[in-house]
Amino acid sequence: MSILVKNAVKTYGEQRALNDVSFSISSGEVVGFLGPNGAGKSTMMKIITCYLPKTSGDVRVCGYSVDDDPLEVKKRVGYLPETNPLYLDMYIVEFLRFVAAINNVPKSRVEDMIDLTGLGPERHKKIGQLSKGYRQRVGLAQALIHDPEVLILDEPTTGLDPNQLVEIRGLIKQLGKEKTVMLSTHIMQEVEMLCDRVIIINKGNILTDQPADALRNASQTKAVLVRFTGNVSTSALRKINGVVRVKQLDKGLLVESEKHIDLGQELFKFAVDNKFVIEESRPYELGLEEVFRNLTGKEAS
Ligand code: ADP
Ligand code: MG
């Protein structure tokens, strides 16, 4: 077992950030740790990486307890914190050499990490001169330098522009082939793309822990993306029998209904009755989005 968390509790003063949390992650798994802001994701990750003591419970990495063997845990864990604290005045190579020295790994690892994370083109720059995407690469290089078995990535793609997002996700996907990865995010798409399994946490409680596929099938509604000629109001669509939600997207209207409804039929009837023409209508994969909303009462982004 790569990560074992049993009855973990963390209180900050009066506040319980983690409330009896238990889960385990096997070697080689890529697990999405999903939840809205304030759910307890970062707190859990800081405990696993020995950056924060827990209040009670048992937390182990590769069998080593974070209380009894923090050094053994740190050897096996690479951590990219949410805020990715970097020394902005340092050059990339200088910084990574420094990290290599602290971790007691040969300097040659620095070059390996630069290659692995694609830092080559920017290698002569100071960290402060890098884009957010490249800073995340430095963060990943730092996390990987001691070749840990387990990677803990706290919202690694937050704040990246679309191109950087694709690149960093690609890099994480590649790393996931060799390492155990626990990745926190509030982006549903990211989980769908990268993770085998999803743990959803809200207000310090684990709400569900399932393979990504199983969770998708648990969805109680289905949806169609539809485009009409002319202006159709979302409120008119909401009145259709069985429709639970309507959302305006760039590509059209996302109409979500109870699972048993023949939504295509209902929309057709609606169009005929109101003299609208349907330009396009196609099934829309709601996936984890809806499951997340049902479990947490919040929209995922
Ligand atoms: P997430 O990463 O899911 O957004 P966090 O683990 O950062 O959630 O926070 C969980 C809860 O604990 C939040 O309500 C947050 O306000 C609180 N919290 C986090 N860090 C501290 C701290 N250092 N002191 C007090 N409360 C904190
Ligand atoms: Mg956080």
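The values are calculated or read from the model by the stated rules, or taken from the named source; none is laboratory data. Keep in mind that this is a model prediction, so the values were computed, not measured. Every residue, glycine among them, receives a Cβ derived from its backbone with ideal geometry; neighbour counts consider all protein chains shown. In case anyone asks, the SASA skips ligands and DNA or RNA and just uses the protein heavy atoms, side chains included. Shrake-Rupley method; radii C 1.70, N 1.55, O 1.52, S 1.80 Å.
Within the stretch 1-27, take every residue that is in a loop (DSSP other than H, G, I, E, B) and open to solvent by 40 Å² or more (accessible area, probe 1.4 Å) and give me the one that is farthest from ligand 1 (Cβ to nearest atom). So that I can check it myself, show each step before the final result.
Here is the first cut: in the stretch 1-27, the ones in a loop (DSSP other than H, G, I, E, B) are 1-2, 13-14, 26-27.
Checking the rest, the ones that are also open to solvent by 40 Å² or more (accessible area, probe 1.4 Å) come to 1, 13-14, 26-27.
Numbers: 1: 23, 13: 7, 14: 9, 26: 23, 27: 25 Å.
That would be 27.
Considering only the stretch 68-81, how many residues are open to solvent by less than 90 Å² (accessible area, probe 1.4 Å) and either assigned to a loop (DSSP other than H, G, I, E, B) or in contact (Cβ under 8 Å) with a residue 12 or more places away in the chain (or both)? Break it down into steps so the answer makes sense when it comes.
So in the stretch 68-81, the residues open to solvent by less than 90 Å² (accessible area, probe 1.4 Å) come out as 69-70, 72-73, 76-81.
Still in the running and either assigned to a loop (DSSP other than H, G, I, E, B) or in contact (Cβ under 8 Å) with a residue 12 or more places away in the chain (or both): 69-70, 73, 76-81.
Qualifying residue count, the stretch 68-81: 9.
Based on what the data block shows, is residue 64 aromatic (Phe, Trp, Tyr) and within 16 Å of ligand 2 (Cβ to nearest atom)? Please lay out each step first, then the result.
Working: aromatic (Phe, Trp, Tyr): yes; within 16 Å of ligand 2 (Cβ to nearest atom): no.
Judged against the criteria, residue 64 is not a match.
Within the stretch 195-214, the set of residues being more than 16 Å from ligand 1 (Cβ to nearest atom) and either open to solvent by less than 20 Å² (accessible area, probe 1.4 Å) or without any contact (Cβ under 8 Å) to a residue 60 or more places away in the chain (or both) comprises 195, 210, 211, 212, 213, 214. Going through (1) in contact with a strand residue (DSSP E or B) (Cβ under 8 Å, 6 or more places away or on another chain); (2) not assigned by TED's automatic domain parsing to the domain that holds residue 172 one by one, residue 201 falls short only on (2). Inside the stretch 143-164, residues that are open to solvent by less than 40 Å² (accessible area, probe 1.4 Å) and more than 12 Å from the chain's Cα centre (by Cα) make up a count of 9. Checked against (1) open to solvent by less than 40 Å² (accessible area, probe 1.4 Å); (2) outside any helix (DSSP H, G or I), residue 88 meets all criteria but (1). Taken residue by residue, the stretch 215-222 has no member that is surrounded by fewer than 13 Cβ atoms within 10 Å (Cβ to Cβ), in a strand (DSSP E or B) and under 28 Å from the mean Cα position of the chain (by Cα).
Could you say whether any residue in the stretch 93-111 is of a type in the set (Phe, Trp, Tyr) and either closer than 29 Å to residue 295 by Cα or within 16 Å of ligand 1 (Cβ to nearest atom) (or both)?
Initially, the stretch 93-111 is screened for residues of a type in the set (Phe, Trp, Tyr), giving 95, 98.
Within this subset, residues satisfying the condition of being either closer than 29 Å to residue 295 by Cα or within 16 Å of ligand 1 (Cβ to nearest atom) (or both) are none.
No - not one qualifying residue is present in the stretch 93-111.
Is it the case, given these coordinates, that residue 293 is at pLDDT below 90, closer than 26 Å to residue 208 by Cα, among the basic types (Lys, Arg) and surrounded by 13 or more Cβ atoms within 10 Å (Cβ to Cβ)? Criteria met by residue 293. Residues of the stretch 26-53 that are away from ligand 2 (no atom under 13 Å from the Cβ) and either in contact with a Ser or Thr (Cβ under 9 Å, 6 or more places away or on another chain) or outside the structural domain of residue 192 (by TED's automatic domain parsing) (or both): 26, 27, 28, 29, 30, 31, 32. When the stretch 41-64 is filtered for residues that are away from ligand 1 (no atom under 16 Å from the Cβ) and either closer than 17 Å to residue 151 by Cα or buried (at least 20 other Cβ atoms within 10 Å of the Cβ) (or both), the ones remaining, listed by number, are 60, 61, 62, 63, 64.
Contact map, the stretch 238-252: residues that are farther than 15 Å from residue 228 by Cβ paired with residues that are outside any strand (DSSP E or B) and open to solvent by less than 100 Å² (accessible area, probe 1.4 Å), Cβ distance under 6 Å, separation 6+ or inter-chain. Pairs shown: 242/261.
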